[in-house]
Amino acid sequence: LYGLVVFAGVFFDTVVYTVWLKRRTPWSIVWGGIAGAMPVLAGRVLAAGQFDLIGLLLAMSVLFWIPTHIITFSFRQAEDYKRAGVPVFPNCYGERTAHLIISISTVIAVLCLVIATMLIGLDWGYLRAILSLSILLIIFAVASMLRRSDKFSFALFKMASFYMLVTMVVIIVGMWSNLTITT
């Protein structure tokens, strides 16, 4: 099962995203995001021995973080993408829509990660840290939605990236402490 998930990630990245869709549609980032989400899903499948809701939510958190990452950088390189013939959201749908997608996808990523964290059953201290960071990031994402700018979106991207890193580390530490307490 683990190998199948890893293979799916490689297939989505190389064939679906890179070869088939990247130069055809800005929505290719969704399919590239599926490839990006496969490592966390593969890790969960390996640990749990099966697909489960926690694994899917962790994967979805990465999937919805991808637009925050890719669209933010497409603002900075929009002219280069246009000259290269690579469709990106700011060029195809306008900057307003692209900023909105960044904010909404960030909020969805946070919600997926919070629900996954709650289902994992971390101790209250770890969960409180994640919830606090989540609330701050959601507030910033909503503010970014209201005050659309490339600079604000880039700040949101940096915060979302930091949030993903810290939250994953807190989950790992929290799960590790649960294992050491029970054994």
**Request:** Whenever you get a sec, compute what percent of the accessible area on the chain sits on carbon and sulfur atoms (1.4 Å probe).
**Result:** 71
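As a test of the definition: which semi-axes, in Å, follow for the chain when you take the square root of five times each eigenvalue of its alpha carbon gyration tensor? Largest first, please.
The answer is 30, 22, 10 Å, longest axis first.
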**Message:** Run the helix sum for the chain: -39,500 (n - 2.57) per DSSP H stretch of 4+ residues, divided by residue count, reported at 222 nm to the nearest 500 deg cm²/dmol.
**Reply:** -27500 deg cm²/dmol
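Just the number please: accessible area per residue for the chain, 1.4 Å probe, all protein chains included, in Å².
Ligands and nucleic acids excluded, the figure is 54 Å² per residue.
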**Message:** Please list 3J(HN,Hα) in residue order for segment 163-172, calculated via the Karplus relation 6.51 cos²θ - 1.76 cosθ + 1.60 where θ = phi - 60°; whole Hz, with x for glycine and proline.
**Reply:** 4, 4, 4, 5, 5, 5, 5, 4, 4, 4
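The values are calculated or read from the model by the stated rules, or taken from the named source; none is laboratory data. All values derive from a computational prediction rather than experimental measurement. Just the protein is used for accessible areas: all its heavy atoms, side chains included, with ligands, DNA and RNA removed. Shrake-Rupley method; radii C 1.70, N 1.55, O 1.52, S 1.80 Å.
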